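Below is one structure, written out as structure tokens; the observations come after it.
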Amino acid sequence: MPLEKIVLAAPRGFCAGVAFAIEVVELALKIHGAPIYVRHAIVHNEWVVSDFESRGVVFVEDVNEIPEGSVVVFSAHGVSPQVRADSASRDLHIIDATCPLVTKVHNEAKRFAAKDFLMIYIGHRGHVEAEGTMGEAPDRMILVETPSEAESLDLPAHDRLALVTQTTLSIDEVQEIVQVLERRFPHLEKPKKEDICYATTNRQGAVKELADVCDFVIVVGSDTSSNSNRLREVSESYGAKAVLLMRPDQMKREWVDQYQTIGITSGASTPETLVNDVIKQLQEWQVGTTMEILTTVEENVEFRPPRDLIQLAMSKG
């Protein structure tokens, strides 16, 4: 049966933390002009990064590459205390675009470290958010990535043990890991509030329902985006074949002949314009395809940039 219906997940796309980080860079550009520097990709989406690069934003992985006295924006993923110290040593003007929910996890790590806790950090090795958070207490934090790693974990001697989690992980997988850890370490202390962010939770909940009513799910997002990759994995674990892509030229014409119902969602760092491009391509290939929106929860979270940043930008006209 050819494609008859496109089902669009809601919520999808930009979360409050991504919108906040992008607005901070926009304000920094307005206040200081180009070039300004951003430590790491402001969000994990190449389209967003390329757009900023075309306007004079320079992305670097190491703040030591930035000319002394320049403006640096810390990305939504957060940075370690060492990166902050390196930036200060180069007299960089720091503007912080760290997602407030990532900052919350950093603060948890600092509180646990101050109370002499050993910490288990559930996260992805090499992910910039994990590196930043673990940098708060590198000698007191051990990374676990899978349930099997949790099962074989051999901890050093400790009196207190706490749990900290990356914000963009698969909820189901984290629950599996936590179950193992709680069984093996009954004295494990968890944060008072869930570390996985509301947007990750909501988007994964939406894609589970999408997978239930669709034959095939397209996740619009970047390969480098942790939360986008998790959406694809969650979709497949709930029974719908899924792909992760960012542009129509990555799509296959035969999909409209193979699948009767195609679901579409997008990662938390994906602009809506990219989702529209994918929808447009499907509708061009299969004229007359209907579209409906599957809404699972309404989101109303918003993070505002610092007032002084907004006022400075306004003063620039």
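Coordinate-derived values only; no laboratory data. It should be emphasised that the depicted structure is a prediction, and the values quoted were computed from it without experimental measurement. Cβ coordinates were reconstructed from backbone atoms using ideal geometry, including for glycine residues, and neighbour counts include every protein chain displayed.
Taking square-rooted eigenvalues a ≥ b ≥ c of the alpha carbon gyration tensor, is region 101-184 rounded, prolate or oblate, where a/c under 1.5 means rounded and, failing that, a/b exceeding b/c means prolate? Judged from the Cα gyration tensor, region 101-184 comes out oblate (a/c at least 1.5, b/c at or above a/b). Region 132-202 to region 66-127: how many Å between their Cα centroids? When both Cα centres are located, 19 Å separates them. Protection proxy ranking for 161-172, 30-41, using the average of other Cβ atoms within 10 Å per residue and placing the highest first: 161-172, 30-41. Compared with the direct C-alpha span, the chain from Glu292 to Lys241 gains 16.4 nm at full extension, assuming 0.36 nm per residue. Spin-label point model (7 Å from Cα, Cβ direction): what's the Ile310 to Glu4 distance in nm? Inter-label distance under the simple model: 4.8 nm.
In loop segments of region 202-260 as defined by DSSP, the GluC sites (Glu not before Pro) with at most 13 further C-beta atoms inside 10 Å of their C-beta are Glu254.
With N the number of residues in region 178-317, Rg(Cα) / (2.2 N^0.38 Å) evaluates to 1.33.
Counting only aspartates and glutamates at least 8 places from Lys115 when in the same chain, those with an alpha carbon closer than 17 Å to its own are Glu136, Asp139, Asp159, Glu189. Secondary-structure-derived ellipticity at 222 nm for the chain, considering helices only, amounts to -12500 deg cm²/dmol, per-run term -39500 (n - 2.57) for DSSP H runs with n ≥ 4.
Measuring between alpha carbons in the structure, the pairs from Lys110/Lys208; Lys30/Lys104; Lys5/Lys241 lying more than 24 angstrom apart are Lys110/Lys208; Lys30/Lys104. For the pair region 245-289 and region 1-50, the centres of their Cα atoms are 19 angstrom apart.
If we sort 51-58, 140-147, 187-194, 99-106 on the protection proxy, mean other Cβ atoms within 10 Å, highest first, what's the order?
Working: 51-58: 14.5, 140-147: 18.1, 187-194: 12.5, 99-106: 20.2.
Taking the mean over residues of other Cβ atoms within 10 Å, the ranking is 99-106, 140-147, 51-58, 187-194.
Are there DSSP H segments in the chain that both extend 15 Å or more along their axis (alpha-carbon positions) and score a mean Kyte-Doolittle hydropathy of at least 1.0? List them, or say none. Those that clear 15 Å and a mean of 1.0 are 16-32.
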